[in-house]
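Just below is one structure, and these are the notes that go with it.
The values are calculated or read from the model by the stated rules, or taken from the named source; none is laboratory data. Treat the numbers as computed from the prediction; the structure is a model and nothing was measured. Note that we place each Cβ from the backbone using ideal geometry, even for glycine, and neighbour counts take in every protein chain shown. Calculation scope for accessible area: heavy atoms of the full protein, side chains included, ligands and nucleic acids excluded. Shrake-Rupley method; radii C 1.70, N 1.55, O 1.52, S 1.80 Å.
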Amino acid sequence: MTEPVVFHATPRFPRGFRCASRNVGLKPTARDLTLFASDRDAAAAAVFTRNHFPGAPVILGRETLRSGVLRAVIANSKVSNVATGQAGVDHARRMAAAAAQELGTSPDKVLVSSTGVIGVPLPIEKIERGVVGMSADLQDDPMVGAEGIMTTDSHPKALSASVGDATITWVAKGSGMIEPNMATMLSYIFTDAALDAATLDRLLREAVSGSFNMLSVDTDTSTSDTCAILANGAAGAVDEAEFLRVLREGCTRMTEILARDGEGAEHLLRVSVRGALNATEARVVAKSIVNSPLVKTMVHGADPNVGRLLMAVGKCFSCTIMPSSTDAWINGFQVVGRGERLAFDDAVVRETLSREVVDIEVALGVGEGSATAYGCDLTKGYVDENAAYYSS
């Protein structure tokens, strides 16, 4: 039996990676600019949003990653540099150049990210001034970097785990406008394993498929989504299969952390679907359930309304759904059998719905496909947060 992945009690960077973050005036006081740096060139790969209105950093990032080599990542929060035209792309290039000059590398080895309000010009002069001297602040704590990329996140997010002599570290942000069609809003993965860019690209896409791409807070795909992985080779070669296993587990763990920190969220919602005609249909059904406002409010109100589950499954018109073979469970208690609501102890199931983690399982009984989606409940806090986001 494969041993479970053990994450470090305190996240740490792999050999040769460090970060710094500071306030450069985009926010009143909080950290708003982060610099991640490798002490040597790193093989790199990334996946980006499929939104038709990608931010300027995404446009530049796709160009930058063609070489498969990165030395650094620079990311700012508060302003996303989206819907800013050619000026926005020019500002993204200036951001890369400023980081490159500070680190003594070339701009084509710097990945740029921005997150925050859409349609506001990036205050590039503040970033250019603010990045000066950041190389002297570089340190080993990835949480420091995570702080600088937060927007509505309630806390910084970082993980690390070992793969043989190598380390993988995940740093991410995301709380709202999340239903990735590539990865999460901003997620950076660092490793000292020796892997080439083509291998990294393949492994990243495999890991993202069942984790970040199955995450949804609110069904909305951000214009800034970026997930990048950098490997500087300082630890030497690793077993590829084991690396992928740990990479997948870390991406899944980070997905759960992001889902639990959804804007206003009080519960992590995990939806597992099995017995679908194929994996594609399982993903559709799992996402339908996790995205349903009625299911989300059912979880928030601790109300075991089985009809909402059946509705969310039944509206998947493109999928093979047979009511007579459909079963469902809430936190291990079967509530649907052969498409019909079963008698169950309402008070007991209601109590389980009040717990922080809610697991819903659906068995369709028509094939071998399976998938798990990750999300959260829908609360008044989500409405309050987003009703005033632009002006906050």
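Short-range pairs are left out: with C-alpha atoms under 8 Å and at least six residues apart, the relative contact order of segment 80-200 is 18 percent.
Excluding Ser211 itself, calculate the net charge of residues whose Cβ lies under 13 Å from the Cβ of Ser211, where each Lys or Arg counts +1 and each Asp or Glu counts -1.
Overall, the nearby charge balance is +3.
With a simple spin-label model that places each label point 7 Å from the Cα along the Cα-to-Cβ direction, the separation between Asp220 and Asp140 comes to 4.0 nm. A cut-off under 15 angstrom between Cβ atoms defines the neighbours of Leu122, and their net charge, with Lys, Arg +1 and Asp, Glu -1, is +2. Summing charges over neighbours of Gly236, with a neighbour being any other residue whose Cβ is under 15 Å away from its Cβ, gives -4 when K and R count +1 and D and E count -1.
Positive-end ranking of Gly236, Gly275, Gly262 along the dipole of segment 194-290, with charges on Cβ about the Cα centre, is headed by Gly275. Helix 279-291 and the long axis of the chain differ in direction by around 90°, with both axes built from C-alpha atoms. Computed extension length for Arg129-Leu342: 70.3 nm, one decimal, from 0.36 nm per residue of separation with the Cα-Cα distance subtracted.
Cross-link partners for Lys173 among the lysines, with Cα-Cα distance under 27 Å and sequence neighbours closer than 8 places in the same chain left out: Lys27, Lys78, Lys109, Lys126, Lys157, Lys287, Lys296, Lys380. Stretched out straight at 0.36 nm per residue, the stretch from Glu242 to Thr280 would grow longer than its current Cα-Cα span by 11.1 nm.
For the pair segment 199-215 / segment 335-386, the C-alpha centres are spaced 25 Å from each other. Kindly express, to the nearest 10 degrees and within the range 0 to 90, the angle between helix 240-260's C-alpha long axis and the longest C-alpha principal axis of the chain. Relative to the chain, helix 240-260 is tipped by roughly 70 degrees.
With contacts taken as Cα pairs under 8 Å at a separation of at least 6 residues, the chain carries a relative contact order of 17 percent. Once the C-beta distance of Ser318 and Thr10 is scaled by a Förster radius of 41 Å, the resulting FRET efficiency is 0.35 to the nearest 0.05.
Straight-line cross-link reach from Lys315 at under 14 Å between alpha-carbon atoms covers these aspartates and glutamates, not counting any fewer than eight positions away in the same chain: Glu281. For segment 228-251, the residues whose amide N sits under 20 Å from a probe point set 7 Å from the Cα of Arg205 along the beta carbon direction are 228-231, 240-249, 251. Accessible surface computed residue by residue for the chain, with neighbouring protein chains in place and a 1.4 Å probe, gives 39 Å² per residue. Can you work out the FRET efficiency for the pair Arg66 and Arg350, with r the C-beta to C-beta distance and R0 = 51 Å, to the nearest 0.05? For Arg66 and Arg350, the calculated efficiency is 0.45.
Return the calculated 222 nm mean residue ellipticity for the chain, to the nearest 500 deg cm²/dmol, obtained by summing -39500 (n - 2.57) across DSSP H runs with n ≥ 4 and dividing by the residue count.
Details: 11 runs with 122 residues, N = 392.
Mean residue ellipticity at 222 nm (helix-derived): -9500 deg cm²/dmol.
Is segment 270-392 best put as rounded, prolate or oblate by its Cα gyration tensor, with a ≥ b ≥ c the root eigenvalues, rounded for a/c under 1.5, and otherwise prolate when a/b is larger than b/c, oblate when not? In terms of gyration-tensor shape, oblate. Normalised radius of gyration (Cα atoms, divided by 2.2 N^0.38 Å) for the chain: 1.01. Between Thr29 and Ala198, the contour length at 0.36 nm per residue exceeds the Cα-Cα span by 56.8 nm. Across segment 154-243, Cα pairs under 8 Å and at least six residues apart give a relative contact order of 37 percent. Note on segment 226-311: Rg/Rh from Cα positions, Kirkwood definition for Rh, rounded to two decimals, is 1.10. Segment 254-327 and segment 1-58 have Cα centres separated by 30 Å. Here the label points at Phe53 and Lys380, each 7 Å from Cα along the C-beta direction, are separated by 3.0 nm in the simple model.
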